[in-house]
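Just so it is clear, none of the values below were taken in a lab; they were calculated from the coordinates. Computed from a prediction, not measured in an experiment: that's the story for all the values here. Every residue, glycine as well, gets a Cβ built from its backbone with ideal geometry; the counts of neighbours run over all protein chains shown.
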Amino acid sequence: MRLDLSPSTLKFKSNNIAKLFDQESRWNSWLEVEAAMAIAQSKLGMIPKDVGKKIAKKCLLKKLNQNNIKKDLKKTGHKLMPIISELTRVCSKDSKKYVHWGGTTQNIVSTGDLLILKKIHKIFLKDLSEILDILGSLSLKNKSVLMVGRTHGQHALPITFGFKVASWIDEISRHIERILESENRVFRCIFGGATGTAASFGKYGMKLQDELAKKLELKSSKVPSRSHMDHFAEYVLNLIMISTTFGKISEEVYNLMKNEISELEEPITSEDIGSSTMPQKRNPHICQDIMALAAECRSLAPLTFESMMNEHEGSRQNHLMSNNALSQSCIKFGEILATSRYLLRGIKVKKSKMLQNLEMSKGSITSEAIMLKLGEKIGRQQAHKLIHDCYNYSFVNKKNFVNVIKNNIKIRKYLDLETIDQLSNPNNYLGLSMSFAVQQEKNARKLSKQIYKNRL
């Protein structure tokens, strides 16, 4: 088990994003770019036609001596040249002199990292699609389940749990739309040689980048300056935003799990151990893991912005910062998705407790409905003061709010008992709660299908 993973992730299958950032994975992606470059250069006539395929056939890690690479890496401290040296060694006599022809480390490494990110991107979309389906079912199933709507931490108006889930769907959907819309900007090949002028590629300049991008299924940059880091930054910042939403959802579940509220419960089995010393405790480990991971993602925002502050035509430190922000955000977000999927699929909705908490207000949770109806007769401001006074009286004297309303002569002059009963029924003041729940279930399914059809 990796030390940076939360223990709760052992309960379910992880998407194992971290493995895609390990040394072997990155070496393979760089070699893939080297192969594509050689093929593209052969096609364009930059190097002999038969040479490109010869080089490409050797651009497989299994055909290279990794011990030689590691020894050279330790000696030189250069992340790419040991691979280039080993690739050159294994290539045929007529092809070895054309290995890495005109390319620079940044060209290969950044493009290779983009290929890794494309793989990760697909994993994220698959996970998000599954979560959308889970949330859609949760929203529809609980469309009419009454609960307290809270603002400023206090009881406000009645809502349904389906409405709450619908708001989660809507927010997550916007994040997914942002990520999908960013694909053309993020997955853009920047392949312009040492400074981005394509000088080493001669007359073939942009043609090489275009051909390479086409082969690797990337977009081609208009100006391939190696100082550009905004594409990686945009992706990281999108992940930070989505992770924050999942952190918010987890915190909501966490708060609604508190003993005093007890409206929700994260998946708990008989084997789960809450506290090591208090046997009765059911600690919300899953929610807390997500909240912690989301906070760690947010902490990467400053580093992400710093990585964009590239000096002149490129610098080493910015690429190091960008790589760290990208890898860490992807790894942490991968864990967030896997954990959130487990949480939302197994969440327990305690309907009776929701209703019990709703009744704590003794009818006052629908005071707005009564005020507005009364306001039609005497004006909104006067109605607000009258209802407010009734509430204060009921609170101080521990009386049922609805009964106080019914016994108020001024109110009874305009509202009969039947009307007051109707207005004070939470089921009659849910607004569009159920409609939102039903609609967002449909939207979640639609977006999930769209992801699968067009991206997976």
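K214 to K74: extension gain in nm, 0.36 nm per residue of separation minus the Cα-Cα distance?
Here the segment from K214 to K74 would lengthen by 46.9 nm.
So how do 203-211, 90-98 stack up, highest first, on mean other-Cβ count within 10 Å?
Values: 203-211: 18.6, 90-98: 15.0.
The densest-packed peptide leads the list: 203-211, 90-98.
Calculate the dipole size of region 364-423 relative to its Cα centre from +1 charges on Lys and Arg beta carbons and -1 charges on Asp and Glu beta carbons; express the result in debye to the nearest 20.
My answer is approximately 220 debye.
Of K143/K353; K54/K453; K126/K332; K19/K449; K74/K222; K63/K119, which pairs sit farther than 26 Å apart, going by alpha carbon to alpha carbon?
As for pairs spanning more than 26 Å Cα to Cα, those are K54/K453; K19/K449; K74/K222.
Calculate, for L320 and Y452, the FRET efficiency according to 1/(1 + (r/R0)^6) with r their C-beta to C-beta distance and R0 35 Å; round to the nearest 0.05.
Taking R0 as 35 Å, the efficiency between L320 and Y452 is 0.45.
Under 5 Å between amide hydrogens, which residues at least 5 positions from G103 or on another chain qualify, with H placed 1.01 Å from N in the peptide plane?
Close amide H contacts, sequence-distant or interchain: none at all.
Could you state the number of Å between the C-alpha centres of region 123-147 and region 337-370?
Between the Cα centres of region 337-370 and region 123-147 lies a distance of 16 Å.
Which percent, nearest 5, of DSSP beta bridges in the chain are antiparallel?
80 percent
Name the long-range amide H neighbours of G196: under 5 Å, sequence gap of 5 or more, or other chain; modelled H, no Pro or chain starts.
R226
Just in region 286-325: which GluC sites (Glu not before Pro) are loop by DSSP and have at most 12 other Cβ atoms within 10 Å?
Qualifying residues, ordered by number: E311.
List the extent of the Cα atoms of region 218-367 along each of their three principal axes, largest first, rounded to whole Å.
Extents along the principal axes: 66, 45, 26 Å.
Compute, for region 48-104, the length of the dipole vector about the Cα centre, with Cβ point charges of +1 (Lys, Arg) and -1 (Asp, Glu) only. Units Debye, rounded to 20.
For region 48-104, the charge dipole is close to 160 debye.
Lys/Arg Cβ at +1, Asp/Glu Cβ at -1, dipole of the chain taken about the Cα centre: which of F333, L125, F246 is farthest positive-ward?
Projecting each Cα onto the dipole axis, the largest value belongs to L125.
Could you give the nm distance between label points at A156 and K62, where each point is 7 Å from its Cα heading toward the beta carbon?
For A156 paired with K62, the spin-label model returns 5.8 nm.
At a temperature of 25 °C and a viscosity of 0.890 mPa s, determine how fast region 364-423 diffuses translationally according to Stokes-Einstein, using the Kirkwood radius over alpha-carbon pairs as Rh; express D in µm²/s, rounded to the nearest whole number.
220 µm²/s
If I model a spin label at M206 and E251 as a point 7 Å from the Cα along the Cα→Cβ vector, what separation in nanometres do I get?
Result for the modelled spin labels: 4.7 nm.
Along the charge dipole of the chain, Cβ charges K/R +1 and D/E -1, which of F305, M81, M354 sits furthest on the positive end?
The residue sitting farthest along the positive end of the dipole is M81.
Just one of (i) 0.97; (ii) 1.15; (iii) 1.07 is Rg/Rh (Cα atoms, Kirkwood Rh) as worked out from the coordinates here. Which one is it?
(ii)
Compute the distance in nm between two label points, each set 7 Å from the Cα along the Cα-to-Cβ direction, one at I409 and one at S262.
In this crude spin-label approximation the distance works out to 4.5 nm.
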